[in-house]
Amino acid sequence: MRRRLAAAALCAATAATAAGCGGGTPTDLGFTPAPVTHSPHASQVHQIGQLRRSLTTAVKQYSAAYFGGNVAQVKALTSHRCLILLGHKQLASRVGAVSASGGKLKPGSIKITAISPTNATVTAKYLIPKPQPLTEHWVRAKSWRDDDC
């Protein structure tokens, strides 16, 4: 999500389509989460509730770190796969560009569109300067990590 938001902010600020304007979707990454459609047991409902709460917290923390310029916190909330693909220098550059262009934006709303114990898809709306919904893929091992690189 932040990658696309960073790209949108950079594109809006510099009109540079070569800056990576555009983005992938979870299905581009080979991940197609399915929403829960069966009637889960009480323990499953409790587990899903906990997963949703921890994911929502992670999305808020990631947003605050990204827009606040906290590269170390963004790195801690980024998936291992993305860290390998991006590297520290590129990640720091993206975080710096976004925090310099807009400052501390927070998601106006967060909607979890699909969730499992290891994967989730989240759509968050940001105001830049009008509502901008961004959907991204998150993965969970010990904790939730943004996997939209």
(request) Would you please classify the overall shape of region 77-122 from the alpha carbon gyration tensor, given that a ≥ b ≥ c denote the square roots of the eigenvalues, rounded means a/c under 1.5, and beyond that prolate means a/b larger than b/c while oblate covers the rest? (result) oblate
(request) Calculate, for region 52-137, the solvent-accessible area per residue in square angstrom, rolling a 1.4 angstrom probe over the heavy atoms of the protein chains. (result) 52 Å²
(request) Sequence neighbours fewer than 8 away in the same chain don't count; with that in mind, list the lysines whose C-alpha is under 22 Å from residue 106. (result) 60, 75, 125, 130
(message) What are the extents of the Cα atoms of region 51-149 along their three principal axes, in Å, largest first?
(response) 35, 32, 17
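The values are calculated or read from the model by the stated rules, or taken from the named source; none is laboratory data. None of the values given here were measured: they were computed from a predicted structure. Accessible surface areas use protein heavy atoms only, side chains included; no ligands, DNA or RNA. Shrake-Rupley method; radii C 1.70, N 1.55, O 1.52, S 1.80 Å.
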